[in-house]
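To keep things clear, I will list the structure first and then write my remarks on it.
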Amino acid sequence: MSGIVFFKSKDLRMIRDFYQDKLGLKLWLDQGKCMIFEHRGMLIGFCQSEVAESQGTITFLYDSIALVDAAYLRYQDLATSPAKLNPAFNIYHFWAEDPEGRTLEFQYFLKAGEQNPGQDVIEVLNEDPAKPKLLLTRLLPEKAMNELKDFFEVHANIAHRNLSKTELIAHIADKAALLCLLGDDIDESLMNAAAKLKVISNYAVGYNNIDLQAAKARGIAVCNTPGVLTESTADLAWALIMATARRIPESESFTREGNFVGWEPLLFLGQDVHQRTLGILGMGRIGQAVARRARGFDMKVIYHSPHDKELDFAAERVDFETLLLESDILSLHLPLKPETKHLIGEKELKTMKRSAILINTARGAIVDERVLIRALQEGWIFAAGFDVYEHEPEIPQALKELPNAVLLPHIGSASLETREQMGSLAARNAIAIVQGTEAPARVV
Ligand code: DGY
């Protein structure tokens, strides 16, 4: 094998555990002597032998600042520097250290003219000191922006990236309201810096990004956007069902690339959807909307949920194991909580049918992503359709390479009408709490 950078290593097992378990990279053993992993076409090896002499840094390249920030949040315990811009090289990066003291660098090269992340990206959109102040972490559809500006003085992030924790903390001190996204980590450290904060209004139905206990302890209300995105998210779950079952992305690329040379009996054989069994894990609003659509496909619907549901369509409540055993298509509609993290792991994926399809439009960490990759590589199940990821926005390279995975960028609620309604509801939540009235959708 040529073109490998070898590093000398004392303890290969420790190295494997670190790079595989901590960084999620797939390492393999070469000639029984070296652990090797591939990163963006580059091979990096760790060897006990004397041939491995390389010193220096292992660099992980990312495609955006947001991905470096996400890596920073994920590997914070390894970091030896904050994530920041290095203007001398026009890179945004942070340093970390592996267990044998090697330097790791996680970096993104800024493109010419790209927003300097060191600059303040918060702009006051409607200066009006008489109004309460709101920090808005990303611009929303126009209708919601107008509703917010009518009541608040809006301090908004105008950049095309999420704010870092440092930026959030720097801007929260004098704000009465925070309107944030599911990718903003709203924890105790932020709330400690938010002396005037009355409300955290999340622009999402899920609120696993917010420390509810910390908010409650400080008397800060937390609100979300349930209901308005139910139907759009159910539509998208169905788009994933059809795309995975009938191998749409694969066959679309094949056609576009000029490979279609005539009808073939065995070309892109998939799975039928009609008259199959649809399994729903979590029969809440979105689960029901997905299940209701199955009537048109003449499907049997089974579901698992702690209690029987009063439903306006036929569906049978079953135990978790039966759901795994019998579903041809299993669609996840649970919130992410400590109890639901990695609910779908090795045992569950091995219990499912080899012809089964797993759909996730809920939260990535409900599925153990590393095990899912093995399941798809080794054919424990037929395919997976995912809109959400365990370490969003990072998606493991191995998952991206799988033809039997259909991957979308968390767009379940992404229709203009729905995003407008979410914006309006998030705005009304924030306004109501600051006014001291009842918010339409308050969590705590
Ligand atoms: C939510 O609202 O929680 C979705 O994941 C994004 O719309």
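No lab work stands behind these numbers, since they all come straight from the coordinates. Every value quoted in this text rests on a predicted model; they were computed, and no experiment measured them. All Cβ positions, even for glycine, are placed from backbone atoms using ideal geometry, and neighbour counts span all protein chains on display.
Dividing the Cα radius of gyration of the range 98-250 by 2.2 N^0.38 Å, with N the residue count, gives 1.27.
The phi torsions of the range 432-438, fed into the Karplus equation with coefficients 6.51, -1.76 and 1.60 and a -60° offset, translate into couplings of 4, 5, 5, 6, x, 10, 6 Hz, rounded to whole numbers, with Gly and Pro shown as x.
With a cut-off of 8 Å between alpha carbons and a minimum separation of six or more residues, what is the relative contact order of the range 295-444 in percent?
15 percent
With the charge dipole of the range 132-266 set up from +1 on Lys and Arg Cβ and -1 on Asp and Glu Cβ about the Cα centre, the Cα lying farthest toward the positive end among the listed residues T137, L178, L197 is that of L197. Taking amide H positions as modeled 1.01 Å from N, with prolines and chain starts lacking one, the residues under 5 Å from T59 and 5 or more places away or on another chain are E105.
Bridge orientation summary for the chain: considering DSSP beta bridges with both residues in this region, about 35 percent are antiparallel. Within the chain, all pairs of alpha-carbon atoms sorted by distance into 10 Å bins from zero give the percentages 4, 18, 25, 25, 19, 7, 1, 0. Distance between the pseudo-spin-label points of F297 and D174 (7 Å out from Cα toward the beta carbon): 5.4 nm.
Once C-alpha pairs closer than 8 Å and six or more residues apart are averaged by separation and normalised to the residue number of the range 49-188, the relative contact order reads 20 percent. Here the gap between N90 and E264, fully extended at 0.36 nm per residue and compared with their Cα-Cα distance, gives a gain of 57.5 nm. Between the listed residues V124, L407, I241, the Cα displaced farthest toward the positive end of the dipole of the chain, a dipole computed from Cβ unit charges relative to the Cα centre, is found at I241.
In this rough spin-label picture, where each label sits 7 Å from Cα along the Cβ direction, the R13-L61 distance is 3.6 nm. From helices alone, the chain scores -8000 deg cm²/dmol at 222 nm; the rule is -39500 (n - 2.57) for each run of n ≥ 4 DSSP H residues, then divide by the residue total.
Stokes-Einstein diffusion for the range 209-341, with the hydrodynamic radius set to the Kirkwood value over Cα pairs and evaluated at 20 °C in a medium of 1.002 mPa s, equals 124 µm²/s. Between rounded, prolate and oblate, where does the range 123-198 land on the alpha carbon gyration tensor, with a ≥ b ≥ c its root eigenvalues, rounded for a/c under 1.5, else prolate if a/b exceeds b/c? Oblate, because a/c is 1.5 or more while a/b does not exceed b/c. Here the range 249-299 is assigned +1 on the Cβ of each Lys and Arg and -1 on the Cβ of each Asp and Glu. Its dipole about the Cα centre then comes out at about 500 debye.
Among 141-147, 229-235, sorting by the average number of other beta carbon atoms lying within 10 angstrom of each residue, highest first, gives 229-235, 141-147. The 3J(HN,Hα) values that the Karplus relation (6.51, -1.76, 1.60; θ = phi - 60°) gives for the range 353-362 are, in residue order, 5, 5, 8, 7, 10, 10, 10, 10, 10, 9 Hz. Gly and Pro appear as x.
When the Cα positions of F260, W95, I366 are compared along the charge dipole of the chain, I366 comes out farthest toward the positive end, with charges on each C-beta of Lys, Arg, Asp and Glu.
Compared with the alpha-carbon gap, the fully stretched path from D319 to K341 is longer by 6.1 nm at 0.36 nm per residue. By the beta carbon rule, with partners counted only under 4.7 Å, the chain holds these lone Cys residues: C180, C223.
Taking the Kirkwood radius as Rh and the Cα radius of gyration as Rg, the range 280-340 has a ratio of Rg/Rh equal to 0.93.
For H39, nonlocal amide neighbours, meaning residues 5 or more places apart or on other chains whose placed amide H falls under 5 Å from its own, are I44. Tell me, how many Å apart are the Cα centres for the range 58-84 and for the range 222-280? The range 58-84 and the range 222-280 have Cα centres separated by 33 Å. When only Cα pairs below 8 angstrom with a gap of at least 6 residues are kept, the chain shows a relative contact order of 13 percent.
Could you rank the peptides 407-413, 67-73, 36-42 by their average count of other C-beta atoms within 10 Å per residue, with the highest value first?
Peptide ranking by packing, descending: 67-73, 407-413, 36-42.
Placing +1 on the Cβ of every Lys and Arg and -1 on the Cβ of every Asp and Glu, with no other charges, gives the chain a dipole of roughly 380 debye about its Cα centre.
Full extension of the chain segment joining S81 with A414 gains 116.3 nm, where the gain is 0.36 nm per residue of separation less the Cα-Cα distance.
In a reduced charge model with +1 at each Lys and Arg Cβ and -1 at each Asp and Glu Cβ, the range 190-247 shows a dipole moment near 180 debye about its Cα centre.
Across the range 193-210, rounded Karplus estimates of 3J(HN,Hα) from the backbone phi angles (6.51 cos²θ - 1.76 cosθ + 1.60, θ = phi - 60°) give 8, 10, 4, 9, 5, 9, 8, 10, 9, 8, 8, 5, 7, x, 9, 5, 7, 10 Hz, Gly and Pro being marked x.
If you take the alpha carbon radius of gyration of the range 305-444 and divide it by 2.2 N^0.38 Å, what ratio comes out, to two decimals?
Numbers: Rg = 18.0 Å, N = 140, 2.2 N^0.38 = 14.4 Å.
With N residues counted in the range 305-444, Rg over 2.2 N^0.38 Å equals 1.25.
Largest GNM mean-square fluctuation among T137, T103, T225, using the chain with Cα springs under 10 Å: T103.
Antiparallel DSSP bridges in the range 99-246: what percent, to the nearest 5?
Numbers: 3 of 18 bridges.
Of those bridges, close to 15 percent are antiparallel.
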